[in-house]
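Contents: one structure, followed by commentary.
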Amino acid sequence: MCLLFVCAGMCWGKPLAVNAQSSSSLSVTLQDNKVSSSKKDIIFAPKPGQTYEFEAKVVNHRDEVVEMQAFTSQAISKDKTISYEEGESDQLINKSYQLAQYVELSMDQKKLSDSVVLKAHEEKKLQVKIKIPQSFQGEMLGGINVVQSFKTAQQKEAVKTEQVYQQVIVVRLKGDEISELEPQTYSNFQFITRGEKLRFNYENTNPNGKLIYADEGTYQLQNPKQEVIAQGSLDHQVVLTPYTKTPFYLPLKNQELISGKYTFTTTIHGEKKTYTFSYSEAELKALARTNETMRQKQAASDQKLLILCLSIVVALLIIVLGVVLIKNRKKQHNS
């Protein structure tokens, strides 16, 4: 009977991807150099046209073979954190600040493009070359990511997942000093619905080549009837990476959207700025249809899960009843 309750609990709870390897078996250590002002990360002011070389020691501490990858990432602001992401990001508005184009990675004197296999307890050196062809203002921010991934087996009624463990050597290149910061701007206003919840999304753009905090001030959102449907303080504790658009969202409670022109007003250091955006009847209907589609998919998913759980419970009940009947028959036979 204990098994019955355990299985029922698994059905009602959320499915979890469990991996026996709970942590990375790799260690990544930046080797001593005379360039960086940090022992753990690469932080310096490069001279245009000059090549700088660094090395990182990568060690496999397991008793088995490990597969790893390394790539140059871009630092991107993401909901009160900084994410170090591979490839080009739509959030970066100045592509000359894409760090990857100035960095070359190699191992065993070969450029890194595919994964690398490390034998048990093997140690290898990751070479990092950085060359900036021209001067720039502010700073470039990214990292050298060393990644080890573990694939989980695909099970019935479960999604195949991949757990990734990575270590990042932060790369912060300092350029010419910025004399005056450009003001932050706001754009891409839209409403998003998730079930019964409604929220207001927008993007805050940092038009400077410098790591800064988001604006400190207040906001007010008005509908086409000039009714205030949201107001409060801007989240100024969010760090904005250089030349990036950072998404923000505000929850809206019990608001019925109407077609027409909306206004979003910010007040920063006593200065007011107003941004406008519009929603047509057709756009509001499309938003409602999208929300209804998501509701139906969620309901269908919940129904499948319920059927699966009930099937397991019925099967376990049949097994338990079968065991009880067999025991009773044996008792009758013995008596």
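The values are calculated or read from the model by the stated rules, or taken from the named source; none is laboratory data. In this text, all values refer to a predicted model and were calculated from it rather than measured experimentally. Here Cβ is always computed from backbone atoms with ideal geometry, including for glycine, and neighbour counts include all displayed protein chains.
Could you list, in sequence order, all residues of the range 191-226 that are within 14 Å of residue 262 (Cβ to Cβ) and free of Cβ contacts under 8 Å to residues at least 40 places away in the same chain? Answer for the range 191-226, where residues must be within 14 Å of residue 262 (Cβ to Cβ) and free of Cβ contacts under 8 Å to residues at least 40 places away in the same chain: 223, 224, 225, 226.
Listed by first and then second residue, the pairs linking a residue in the range 169-184 that is more than 30 Å from residue 147 (Cα to Cα) and in contact (Cβ under 8 Å) with a residue 24 or more places away in the chain to a residue that is of a type in the set (Ser, Thr, Tyr) and outside any strand (DSSP E or B), with Cβ atoms under 8 Å apart and 6 or more places separating them unless they lie on different chains, are 176/135. Annotation note: of 10, 1, the sole residue that is in contact with a helix residue (DSSP H, G or I) (Cβ under 8 Å, 6 or more places away or on another chain) and modelled with pLDDT under 50 is 1. For the range 126-167, the set of residues classified as more than 25 Å from residue 241 (Cβ to Cβ) and modelled with pLDDT of 95 or more consists of 127 only. Residue check: is residue 132 closer than 15 Å to residue 28 by Cβ and either among the β-branched types (Val, Ile, Thr) or outside the structural domain of residue 212 (by TED's automatic domain parsing) (or both)? Judged against the criteria, residue 132 is not a match. All of 78, 129 fail the test of being touching a residue at least 40 places away in the same chain (Cβ under 8 Å) and within 26 Å of the chain's Cα centre (by Cα), apart from 78. Those strands (runs of 3 or more DSSP E) of the range 215-266 in which at least 3 residues are out of contact with any Cys (no Cβ under 6 Å at 6 or more places or on another chain) and surrounded by 14 or more Cβ atoms within 10 Å (Cβ to Cβ), considering only elements entirely within it, cover 217-222, 245-252.
Could you list, in sequence order, the residues of the range 192-214 that are of a type in the set (Lys, Arg) and surrounded by 13 or more Cβ atoms within 10 Å (Cβ to Cβ)? Once the filter is applied, which keeps residues that are of a type in the set (Lys, Arg) and surrounded by 13 or more Cβ atoms within 10 Å (Cβ to Cβ), the range 192-214 yields 199, 210. Please go through (1) touching an Asp or Glu at 6+ places or on another chain (Cβ under 6 Å); (2) at pLDDT 95 or above; (3) among the β-branched types (Val, Ile, Thr) for residue 117 and return the number of the only condition it doesn't satisfy. Of the numbered conditions (1) touching an Asp or Glu at 6+ places or on another chain (Cβ under 6 Å); (2) at pLDDT 95 or above; (3) among the β-branched types (Val, Ile, Thr), the odd one out for residue 117 is (2). Does residue 258 qualify as being in contact with a Pro (Cβ under 9 Å, 6 or more places away or on another chain) and modelled with pLDDT under 95? Yes, satisfied.
Can you work out which of the residues in the range 267-277 that are surrounded by 12 or more Cβ atoms within 10 Å (Cβ to Cβ) and of a type outside the set (D, E, K, R) is nearest to residue 190 (Cα to Cα)?
At the first step, the residues of the range 267-277 found to be surrounded by 12 or more Cβ atoms within 10 Å (Cβ to Cβ) are 267-268, 273, 275, 277.
Still in the running and of a type outside the set (D, E, K, R): 267-268, 275, 277.
Values: 267: 20, 268: 22, 275: 12, 277: 8 Å.
Per the criteria, the residue is 277.
Evaluate the range 59-76: report whether one residue or more is in contact with a helix residue (DSSP H, G or I) (Cβ under 7 Å, 6 or more places away or on another chain) and at pLDDT 95 or above.
Here is the first cut: in the range 59-76, the residues in contact with a helix residue (DSSP H, G or I) (Cβ under 7 Å, 6 or more places away or on another chain) are 72, 74.
Narrowing further to those that are at pLDDT 95 or above: 72, 74.
Yes, the range 59-76 contains a residue that is in contact with a helix residue (DSSP H, G or I) (Cβ under 7 Å, 6 or more places away or on another chain) and at pLDDT 95 or above.
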